Structures are given as structure tokens and as C-alpha cells.
Amino acid sequence: MKKYFLIAVIFLAGSVYAQQPNNAVKLVQYVFDAFTPGTIKMKSGETYKQNLNYNIITNEMIFDNNGKYAAIDSPENVDTVYIGDRKFVPLNKKFYEVLATGPMPLLEQFTATVSEPGTSIGYGSTTNAGAASSYQSLIRDGGAYGLKLPDGYTVIPKNDFFILKDGNLERAGSQKQLSKIFPDKKDKIKDFVKKNNTNFSKREDMAALVKEIE
């Protein structure tokens with residue numbers, strides 16, 4: 001009974017696509033290499049267990065039910081999503097992974113640039129027209145939700161770090177940005193970065209730094 005309630009009420013039933021699982025396929029459009037058992041905790045207190053993954057093209061949390069895929073329709077009703085030992089929270093209709101908790105938690109955002117067949121792009125960039133066209137094509141045809149993208153599409157993953165401060169997302173991808181968010185910890189940030197040779201593109205380094213200053 002719970003499963004059907006979940007599909008009907010929480011997930012967008014109109015955006016369900018079926019595809020046979022293939023363990024050999026690399027899920028370039030998802031955060032995890034495979035759909036993984038997880039728990040969805042609603043703000044109402046209810047919880048649901050499903051196989052989950054996060055789609056970096058559509059910025060949606062996707063649920064797998066025997067090869068049929070659907071996105072969470074109302075993220076604002078979700079409190080937390082747990083996938084394996086990782087934790088995601090909804091903000092602005094997207095999901096962010098929590099890397100460090102505290103009064104001002106560190107969040108990671110997963111996104112992607114997409115090029116359609118025949119579109120030439122450089123690493124990390126593309127024309128707005130090309131990106132919009134590719135995105136709309138994938139969504140319209142359901143290609144972004146399956147285990148394998150249609151032939152010819154190129155996905156360039158991207159991740160960004162943010163600090164959630166007073167309900168707002170503040171960019172935290174550099175020493176300068178973090179020092180602006182934590183002005184009273186400026187010297188501590190500088191010392192930690194120097195001592196640990198912090199790489200601001202690595203999630204482990206970012207989590208260690210924010211845990212230290214929080």
C-alpha cells in the first residue's frame with residue numbers, strides 16, 4: 001500500500017520511463033554508479049524506502065521501481081533523502097548533498113552541461129542554444145531518465161560547494177569565499193589551508209575544512 005501511495009502522491013507519475021537494467025552501463029547522468037537503496041523522509045514524518053539516484057541533468061531525485069523511473073514531484077515536502085551513507089536535502093526544487101553539518105552546513109550541488117549529437121563543445125562550456133536544445137530534447141523524449149543516454153549525447157559533470165547561511169546559499173568554492181562567509185575565522189581558514197594543502201575542488205578536503213572551522 002505504501003508503495004502505491006508513494007507513486008501516486010509523491011512522484012510525478014507522468015514522467016515514468018521504462019528501460020531494462022544493464023549493470024555494464026556507466027550512469028554518466030547520475031551521481032551514483034547504480035540505483036541504490038535509500039530512504040525518503042517526509043516533513044510529515046512518514047518515510048519510504050526506494051532505490052534512488054540523483055540525476056545531474058534534470059536536477060531531480062529519481063526513484064526506480066523495477067526499471068520504471070520517476071522524479072520526486074514536490075521536493076518541498078521532503079525533509080531528507082538518505083542514499084547509502086550519504087544525505088541529501090531539498091532547496092529551491094533541487095537536492096544538495098550535506099558534506100558537513102552544523103549551524104552553517106556545507107552543501108554540494110551536482111549539475112551537468114549537455115551537448116546534443118553533432119554539437120561541438122569545449123570542456124566545461126557550450127553555447128546556451130545548444131545546451132537548451134539538448135536538455136529539452138532529453139526531457140521530452142525521456143532519454144535523461146534511463147540508464148543509458150541516447151547515442152551522441154555528451155555529459156560534462158560539474159559540482160559546486162555552498163554554505164547554507166541564514167537560509168541562503170553562499171558560494172564556498174575558494175578560500176576567499178569561505179573567509180567572507182566566516183570573517184572571524186579568516187586566519188584559521190588560512191592556516192588550515194596552508195597546513196593541509198586544501199584542494200577546493202575535492203569534497204573530502206572541503207568537508208574537513210568546514211568541520212574544522214565550524
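Nothing in this text is a laboratory measurement; each read-out follows from the coordinates by a stated rule. Quick caveat: nothing in here was measured; it's all calculated off a predicted structure.
Overview of results
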{"quantity": "In Hz, Karplus ³J(HN,Hα) per residue of region 162-170 (6.51, -1.76, 1.60; θ = phi - 60°; x = Gly, Pro)", "calculated": "9, 10, 8, 10, 6, x, 10, 8, 10"}
{"quantity": "For region 29-44, 3J(HN,Hα) per residue [Karplus equation, 6.51 cos²θ - 1.76 cosθ + 1.60, θ = phi - 60°, Hz, x = Gly/Pro]", "calculated": "9, 10, 6, 9, 6, 8, 5, 10, x, x, 10, 9, 9, 8, 5, 6"}
{"quantity": "Euclidean distance between Cα centres, region 141-198 to region 44-107, Å", "calculated": "17 Å"}
